[in-house]
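Remarks on the structure that follows.
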Amino acid sequence: MAVLSKFPGLKVSVRVQGVPVEEYDNDEEGSKPGSLSKYIESKSEEEFDVKFKIPKRIDTPADLRFRLFLDGKLVDRKIIRGSKWQRQSYSFKVSGTKSKVNGEWEIRNFMFSPLSIGEFNAASYS
């Protein structure tokens, strides 16, 4: 479960069938300050989601902004107003990308791609 030291209690987890998967530290240098990079083991074509948990009254400004990147691409962003989490904990999950098909909004579930081995530079993703 990824946790930024700047926001104690804020937790982010990748889940398969509703169960958090084990995460490993990404020891590569170059991560941006205020960001965190982890890696996980996965099975090709298995669906997953990302769950965010915000504790009650963490020490931060009234609103929180979240940006979710997968494979270096922005897939979702949210602003959570302080009124949602200042009096009680708040959580939400992101399970896919939204797109309009034939005039109707659809969610395309996240799915692990087949493994492709190559160079990765965490600093190039923001």
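The values are calculated or read from the model by the stated rules, or taken from the named source; none is laboratory data. A quick note: this is a predicted structure, and the numbers were derived from the prediction, not measured. Here Cβ is always computed from backbone atoms with ideal geometry, including for glycine, and neighbour counts include all displayed protein chains.
So here's what we get for this one:
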| item | result |
| --- | --- |
| Residue in the range 110-126 that is modelled with the lowest pLDDT, counting only those that are touching a Ser or Thr at 6+ places or on another chain (Cβ under 6 Å) and surrounded by 11 or more Cβ atoms within 10 Å (Cβ to Cβ) | Ala122 |
| Subset of the range 78-109 that is within 28 Å of Phe7 (Cα to Cα) and aliphatic (A, V, I, L, M) - its residue that is surrounded by the fewest Cβ atoms within 10 Å (Cβ to Cβ) | Ile79 |
| Among (1) modelled with pLDDT of 75 or more; (2) within 23 Å of Pro8 (Cβ to Cβ); (3) surrounded by 10 or more Cβ atoms within 10 Å (Cβ to Cβ) - the single one Val75 does not satisfy | (2) |
| Checking Asn109 against (1) in contact (Cβ under 8 Å) with a residue 40 or more places away in the chain; (2) in a loop (DSSP other than H, G, I, E, B), the condition it does not meet | (2) |
| Residues that are modelled with pLDDT of 90 or more and loosely packed, with under 14 Cβ neighbours inside 10 Å, drawn from the range 1-43 | Gln17, Gly18, Val19, Glu22 |
| Matching residues, the range 67-81, being charged (D, E, K, R) and on the phi > 0 side of the Ramachandran plot | Asp71 |
